[in-house]
C-alpha cells in the first residue's frame, strides 16, 4: 500500500479512535467496504466502550509499520503509579487519548512539596529530535508567568519516553464550567482566556491549539489555559525524520477549532489563535460549533473550514437541537439568554472567523476591547465593518439585485454623516491594531533560519533588530508607536534586560506626554511601567519622581484603597526608605497598611505578603527585631502548595534570611545551607542563573565577608556569575554591579590589590558611568566597592588616582543621599581613608558611630566594626581609646565565636597598632 493511502487511513484512525464504540460502528458502516475493513482491523485493539488508549495506539503503529516495511515501535512497559520522570513521581492517571496519557504527579526529590500534571506522549506524537527542541524552547516557555496560563515546568525524554511537566490545575473544563451560565458570564470567561493569549503573544509565543478542553476553570471561577507553546514544541515541520510513522500518524490540531491556514499548512501567526478564540466564543454563545457537527468526517470538517463561510450565531441558534441546548456530548450547552448574542456579539464572532487572516482582528487585544465594549453595553468597533462584509458576500451571490440596491443606498448615504464619523473612528483604531500586529508579525517572520544564514536567532536578537528599525518608523502615528514601545519595553523587562527596557519606556513616556498630555491614561500607564523598571533595579529617586506626582491624582479619581494605588504606594514607600526619607515613607506605609487590610482581608496569603514591605522600612530604620518578627509571622506561608504562589512564598522566606543575617543570628555553615536550599528551589521553579538565585548568593556573600569568611564569599559570587553567564542573563545593570562585587571579593580574599585589579576597577567605573539606570543608593554601593579595591594594600599610585575619581562621583550623589545616613557615613569613611590623616579618620569614625548611636537597637556586625574603627582612630590620634574599645566589645555579637569555623580577624584588634586596623572592614 502506498504511503499516501496510509496517511489517509492514519487520519481516519485518529478521528474514529476518539469516538465511543457505537458511533465508531455507525461511521464504519457508511464507508466503502474495503476501507472500512482495513480500519476495522486497525481498530480491533480499541476498547468497546471508550476512546483510544496508548496501548491501542501502539497496536495501530505496529500494523502501520508492517505495511510500510519499517521497524515497529519497541514494546515498552505501560507507565504506572510510582514511576519517576525527572523530579516527579506518577501518582494518578487523569486521562488518556490520542496524544498519550496525562498523570497527576508529585514532587519526589524533596526540594519542596508540589503537584504537577505530566503528559506522556505517544511515540508518533513526539517526533524525531523532540528532546533537542524541548531543550531549546522550554526556557522561553518557562517565562510565561501570567496567572491565566498553566506553566510548562519542564520537558524531556527518559528511557525513550517523551514527557511534559505542567502546572497541575484542578477544576472543570471551560465547557463543563460554562453549562447553565448566562451569556455575559461566558463572555467574561473568554475575555480572561484571551488576556492570557494576548500576554503570550507579547512574548512571541502562539498557542495554535486553543479549545475548551485546553482551558481549566478552578473552584474560584478563574480560567487557566493549558498546553501553551506545546504545539510549537511538537511541531517538527521542516525537519527531517527517520521514522515515517512520525509523518503519517495524524495531524496535531483539532479541526473544529483550527484556522483555515493551519489546515492548509500555510504560515501560522497570531491570527490563528484569534480564529480559535472566535470558534470558542461561538460555541459558548450558541452551544454548537460554527461548522458541521460530530456526524461529519474529519475530511468534511476540514473542507468546510477552508471553503465555507462559518455559520452566523443567529443561524446556529435557529438550527440548535435539544441535545445542543442542554450541553450534551461535552459541550457547554446554549446559554439561557442566548438571544442577547444577536447583533454586536454576532459581529465580533464573525470578524474573528474570517477566512483571510488579514481580515480578522489585528490583535487579541482588539478582540478583547470589543468584548469589553459588549459587556459594558457600548458599541463595538466592527459592527459597521461586519455589515459591509455581509453585503459584499451577498452582492457576489446576487450581482443584479445588488446593482439596483446600490443606487438606493447612495441616495440615503448623505443622511448618515454621524454614523460615518463613528465608523471612521473605529476604522482608525482597527488600522492602528493592524499596524502593531504587522510590526510584530514582521518580527516573528524574521525568525526563519533562511533569513539568518541557517541559524535560529534568539528572541533578544530579533527584538534588537526590530528595535533599531523603530527609530524611523511610525513617527507620524503616535498611537501606533505608543503600543509598539509598550510591547517591546514589557518584553525586555520580562527578559530582565533592564538596560534596554528603560530607554524604551522613557521614549514611550516622552512620546505620550507630547502626543496625549499628562492626564491621558496612556501617559499614566507609561509612567507606571517606567517606575516598575526602576523599582526592579532598586533606583529610588526616579521612582519618587515618577510616582509621587501621579499617586494623588489616582487617589482623587479612584480612591486611596484601589489595587493599583496600593501597589504603586508599596514601590514609593520602598524608594523613600532607601533614601532615608522616613517621614514620607511612614506616611505611605500607613496608607498602604490600611489598603492592605481593605483589599486583602479575606486572603491570608496576600495579606501576609505585606510583611515584605514592612521589613524594607524597618531594616532601613534599624528596627531589625521588628523586621524579623514581621517576616517570622509569615512562616506558615513559606511553602505554599499553589504554583502561582510559589514565587511569592520564596520571597518571604528569602527576606527573612536576609534580616536574620543582619542580626548575626546564624553561623556561616547554617547560612550557607539555608541559601543553598533556597537557591535549589528557585532554580527548580525558574532556571539556574535567575535573578532571585543570584541575589541570594550576593547577600550571603556580604554576610560571609562580615564574618571574615572571605574565601567562602568569593566562592558564592563566582558561582552566581558562572550561572548567570551560562543562562545568558548577564545584563548591563544588575550584571554590572554583580561583577564589581565579584572584583571586590577577589581583592578581599587575596588580602590586597595588584595592578590588574586596579585596571579592572577602572574599567568597571567606566561601565558604571555608562549605565545611568544604576542610580542613587545602588550607584553609591558600587562606587564604595570599587573604593575598597582602590585603597587596598598594593594598589599603589594608580589606586590613589582611581580613588580620587570615585570621590568625585560620590560627591555628585551627595544631594540625593543627604538623608541616607548609613550610606553617607560610609562615604565619609572612604574619603577619610583617601585623605590619609588621623584627624579625617577620627571625624569620619565619630560620624559613623553617631549614626549607630541614634538607632533603636544593636545592628550586629556592621555596628561592631564601626565602633572598632573609632577605637583605632582614637589611638592613631593619640587620644584615649579605652572607653571606645569597651563600647566596641559590648557591641560585638555574643555568639561571634560560634558563627565561624576560624576566629574572626578583628577579635584581637585591640592589641594591634592603629595602622594595622584591618582595612577590609
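The values are calculated or read from the model by the stated rules, or taken from the named source; none is laboratory data. Just so you know, these numbers come straight off a predicted model, no measurement behind them. We place every Cβ from the backbone using ideal geometry, glycine too, and count neighbours over all the protein chains shown.
Data table
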{"read-out": "Within the stretch 201-230, tally of residues that are outside any strand (DSSP E or B) and under 18 Å from residue 279 (Cβ atoms)", "value": "13"}
{"read-out": "Qualifying residue in the stretch 606-622 (condition: outside any helix (DSSP H, G or I) and over 29 Å from residue 823 (Cα atoms))", "value": "no"}
{"read-out": "Checklist (1) farther than 23 Å from residue 851 by Cα; (2) more than 25 Å from the chain's Cα centre (by Cα) applied to residue 623, failing item", "value": "(1)"}
{"read-out": "Odd one out for residue 752, checked against (1) assigned to a helix (DSSP H, G or I); (2) surrounded by fewer than 22 Cβ atoms within 10 Å (Cβ to Cβ)", "value": "(1)"}
{"read-out": "Residue, nearest to residue 877 (Cα to Cα), within the stretch 832-855, restricted to residues that are out of contact with any helix residue (DSSP H, G or I) (no Cβ under 6 Å at 6 or more places or on another chain) and assigned to a helix (DSSP H, G or I)", "value": "839"}
{"read-out": "Filter result (loosely packed, with under 15 Cβ neighbours inside 10 Å, at pLDDT 85 or above and on the phi < 0 side of the Ramachandran plot) within the stretch 76-88", "value": "80, 81, 84"}
{"read-out": "Test: residue in the stretch 653-666 that is surrounded by fewer than 17 Cβ atoms within 10 Å (Cβ to Cβ) and part of a helix (DSSP H, G or I)", "value": "no"}
{"read-out": "Condition met for residue 268 (modelled with pLDDT of 75 or more, buried (at least 21 other Cβ atoms within 10 Å of the Cβ) and over 30 Å from residue 341 (Cα atoms))", "value": "no"}
{"read-out": "Number of the condition not met by residue 185 [criteria: (1) without any contact (Cβ under 8 Å) to a residue 12 or more places away in the chain; (2) buried (at least 23 other Cβ atoms within 10 Å of the Cβ)]", "value": "(2)"}
{"read-out": "Qualifying position, being buried (at least 23 other Cβ atoms within 10 Å of the Cβ) and modelled with pLDDT of 90 or more, among 259, 222", "value": "259"}
{"read-out": "Given (1) over 28 Å from the mean Cα position of the chain (by Cα); (2) within 23 Å of residue 820 (Cβ to Cβ); (3) assigned to a helix (DSSP H, G or I), number of the condition residue 580 does not satisfy", "value": "(3)"}
{"read-out": "Residue list for the stretch 755-784, restricted to those being farther than 23 Å from residue 580 by Cβ and either in a loop (DSSP other than H, G, I, E, B) or in the same structural domain as residue 499 (by TED's automatic domain parsing) (or both)", "value": "770, 771"}
{"read-out": "Verdict on residue 807 being in the same structural domain as residue 887 (by TED's automatic domain parsing) and either modelled with pLDDT of 95 or more or assigned to a loop (DSSP other than H, G, I, E, B) (or both)", "value": "no"}
{"read-out": "Members of the stretch 108-129 that are out of contact with any strand residue (DSSP E or B) (no Cβ under 7 Å at 6 or more places or on another chain) and either on the phi > 0 side of the Ramachandran plot or at pLDDT 60 or above (or both)", "value": "109, 110, 111, 112, 123, 129"}
{"read-out": "Qualifying position, being crowded, with 17+ Cβ neighbours inside 10 Å and either in a loop (DSSP other than H, G, I, E, B) or at pLDDT below 85 (or both), among 47, 73", "value": "73"}
{"read-out": "Test: residue in the stretch 150-166 that is modelled with pLDDT of 85 or more and touching a helix residue (DSSP H, G or I) at 6+ places or on another chain (Cβ under 6 Å)", "value": "no"}
{"read-out": "Pair list, Cβ under 7 Å, 6 or more apart: the stretch 153-181 residue at positive phi, other residue modelled with pLDDT of 90 or more and in a strand (DSSP E or B)", "value": "171/216; 171/217"}
{"read-out": "So residue 630, is it part of a helix (DSSP H, G or I) and closer than 19 Å to residue 695 by Cα", "value": "no"}
{"read-out": "Residue in the stretch 873-890 that is more than 21 Å from residue 833 (Cβ to Cβ) and under 45 Å from the mean Cα position of the chain (by Cα) present", "value": "no"}
{"read-out": "Sole exception among (1) closer than 28 Å to residue 814 by Cα; (2) over 19 Å from the mean Cα position of the chain (by Cα); (3) surrounded by fewer than 19 Cβ atoms within 10 Å (Cβ to Cβ) for residue 527, by number", "value": "(3)"}
{"read-out": "Residue identified as at pLDDT 90 or above and either more than 30 Å from residue 819 (Cβ to Cβ) or surrounded by 16 or more Cβ atoms within 10 Å (Cβ to Cβ) (or both) among 646, 591", "value": "591"}
{"read-out": "Among residues of the stretch 825-840, those that are in contact (Cβ under 8 Å) with a residue 12 or more places away in the chain and farther than 14 Å from residue 865 by Cα, counted", "value": "9"}
{"read-out": "Residues that are part of a loop (DSSP other than H, G, I, E, B) and over 21 Å from residue 707 (Cα atoms), drawn from the stretch 868-917", "value": "877, 878, 879, 880, 881, 913"}
{"read-out": "Selected residue (only one of 132, 105, 91 is at pLDDT below 80 and outside any loop (DSSP other than H, G, I, E, B))", "value": "132"}
{"read-out": "Test: residue in the stretch 711-720 that is surrounded by 19 or more Cβ atoms within 10 Å (Cβ to Cβ), modelled with pLDDT under 95 and assigned to a helix (DSSP H, G or I)", "value": "yes"}
